[in-house]
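*Asks:* The following block contains the structure, expressed as structure tokens.
The values are calculated or read from the model by the stated rules, or taken from the named source; none is laboratory data. This structure is a prediction, so every number in the text was calculated from the model and none was measured. Because the Cβ atoms are built from the backbone with ideal geometry, glycine has one as well, and the counts that use them run over all protein chains shown. Areas reflect the complete protein model, heavy atoms only, side chains present, ligands, DNA and RNA absent. Shrake-Rupley method; radii C 1.70, N 1.55, O 1.52, S 1.80 Å.
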Amino acid sequence: MSTPPGAAPGSWRIRVPATSANLGPAFDCAGLALTHHDLVDVELADGLQVSVAGEGAGTLACDETHLVVRAFRAACDDLGWTPRGLRMHCVNTIPHGRGMGSSAAAVVAGIVAAWQLCPDVDTRDDDRVLALATELEGHPDNVAACLLGGATLSWTRGEHVAADRLALRDDVVPIVLVPGGTLSTHVARGLLPPVVPHADAAFAAGRGALLVHALTREPGLLLDATEDRLHQAQRAPAMPRTAELIAALRAEGHAAVVSGAGPSVLVLGVRGPDDDPSTPAAGAAARRVAALAPPDWTCLPLAVDHSGARVSRTPLG
């Protein structure tokens, strides 16, 4: 996996998508890139200059502890390169602590920025980017989707990390319901038991295989394909409103799951024959989904981002 070469000097904009991981039963190995983005403008400079607008403005650190900067430094070390300094401006729209891959987006943006600015490389090696992003993030599901775009499966073989894109059906459309409250991924993962019953493991394997078939061939099977026994019920005590909303949505036939570690909800809708193909999501489905959500939740009718992490030239303002 690689991207076309770019010149290092100048200012660059890194655009990274939000992601939803797990998609129900495919715990820690499936991800979906969404048309909701963070932008990171970078250029070489003297010292470190960091500014943030949007999500996290006024609360995120603007020093070496900023996650994009930490990922940038790690990638520089991996490349054997020491830049003289960095100017960085982040425009964040991905909600933090909502299960939409904000930390994965930050990690991927920082690593991609290092590869783009480094004068010693001509072509970005996405295998190396994925490996380092997985090391920093802890698992590959979100970072793979963020880097590559589309729907991805990721896996490890020994110490090697790999990922590939699925040939996702065009009529599968994501709708995300976002609550006002947050949930720490660390807290959510801490609720998972160390072992699961054999029957649940077999169920998860079957539903994971069915999920791939539903996403690529038969989206009418998405409701069954998104059933989970590995993580959602176990995490429900930390996000009861999420669990209640998913139950209500699924009772109405919507393929609803916890988005990542939560507490947002992802609904995998299907564009109907009468829906305008230029609209971002299945219009009727999005309206039905929004009607079932509590009034203090935000409904985001999105589309699948098929581009992943993108780089373009931009002047820093």
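*Asks:* Could you give P(r) for the stretch 66-159, binned at 5 Å from zero, as whole percent values over all Cα-Cα pairs?
*Replies:* Histogram of Cα-Cα distances, whole percents per bin: 2, 14, 26, 24, 19, 11, 4, 1.
*Asks:* Under a 10 Å cutoff between Cα atoms, tell me which one of PRO219, PRO193, PRO140 has the largest fluctuation in the Gaussian network model of the chain.
*Replies:* For the chain, modelled as a Gaussian network with Cα springs under 10 Å, the answer is PRO193.
*Asks:* Hey, another quick one. Could you give the length gained on full extension between ALA251 and HIS96, defined as 0.36 nm per residue of separation minus the Cα-Cα distance, in nm?
*Replies:* Working it through step by step, the gained length comes to 52.9 nm.
*Asks:* Working out 0.36 nm times the residue gap between THR59 and GLU244, then minus their Cα-Cα distance, what length gain in nm do you get to one decimal? Let's see the in-between values first.
*Replies:* Details: separation 185, 0.36 × 185 = 66.60 nm, distance 3.09 nm.
63.5 nm is the gain from fully extending THR59 to GLU244.
*Asks:* Highest GNM mean-square fluctuation, the chain, Cα pairs closer than 10 Å: which of ARG271, ARG13, ARG288?
*Replies:* Ranking ARG271, ARG13, ARG288 by mean-square fluctuation puts ARG288 first.
*Asks:* Take the chain, connect every pair of alpha-carbon atoms lying under 10 Å apart with a spring to form a Gaussian network, then pick out the residue of ARG15, ARG235, ARG217 with the largest mean-square fluctuation.
*Replies:* ARG217
*Asks:* Mind checking the per residue accessible area of the stretch 206-307 for me, 1.4 Å probe, whole number of Å²?
*Replies:* Numbers: 4530 Å² over 102 residues.
With all protein chains present, the stretch 206-307 gives 44 Å² per residue.
*Asks:* OK, next. Run the accessible area of the stretch 116-206 with a 1.4 Å probe and give the carbon-and-sulfur part as a rounded percent. Please list the in-between numbers first.
*Replies:* Numbers: 2350 of 4380 Å².
Carbon plus sulfur share of accessible area: 54 percent.
*Asks:* For the stretch 1-131, just the Cα set please: Rg and Dmax, both in angstrom.
*Replies:* Radius of gyration, then largest Cα-Cα span, for the stretch 1-131: 14.6, 47 Å.
*Asks:* Once you have a ≥ b ≥ c as the square roots of the Cα gyration tensor eigenvalues for the stretch 172-317, tell me rounded if a/c is under 1.5, and otherwise prolate or oblate according to whether a/b is larger than b/c.
*Replies:* Working: a/c = 1.43, a/b = 1.25, b/c = 1.15.
Judged from the Cα gyration tensor, the stretch 172-317 comes out rounded (a/c under 1.5).
*Asks:* By the scheme Lys and Arg +1, Asp and Glu -1, what is the net charge of all other residues having a beta-carbon under 13 Å from that of LEU168? If you can, show how the numbers build up before the last one.
*Replies:* Working: positive: ARG165, ARG169, ARG217, ARG271; negative: ASP164, ASP170, ASP171, GLU218, ASP305.
Around LEU168, the surrounding residues sum to -1.
*Asks:* Provide the gained length on full extension for the span LEU192 to THR156, in nm with one decimal, where the gain is 0.36 nm per separating residue minus the Cα-Cα distance. Intermediate values should be presented prior to the final figure.
*Replies:* Values: separation 36, 0.36 × 36 = 12.96 nm, distance 2.07 nm.
Stretched fully, the LEU192-THR156 segment lengthens by 10.9 nm.
*Asks:* Among the trypsin sites (Lys or Arg not before Pro) within the stretch 29-105, which fall in a DSSP loop and have no more than 13 other Cβ atoms within 10 Å of their own Cβ?
*Replies:* Values: sites: ARG70, ARG73, ARG84, ARG87, ARG98; in loops: ARG84, ARG98.
Listed in order of number, the matching sites are ARG84.
*Asks:* Still on this model: Ranked highest first by average number of other Cβ atoms within 10 Å, how do 205-215, 105-115 line up?
*Replies:* Details: 205-215: 18.6, 105-115: 29.2.
Put in order of decreasing packing, that is 105-115, 205-215.
*Asks:* For the chain, treating each Cα as an identical point scatterer without solvent, what Debye log10 I(q)/I(0) comes out at q = 0.08, 0.09, 0.11 1/Å?
*Replies:* Log-scaled intensity ratios, in q order: -0.35, -0.44, -0.66.
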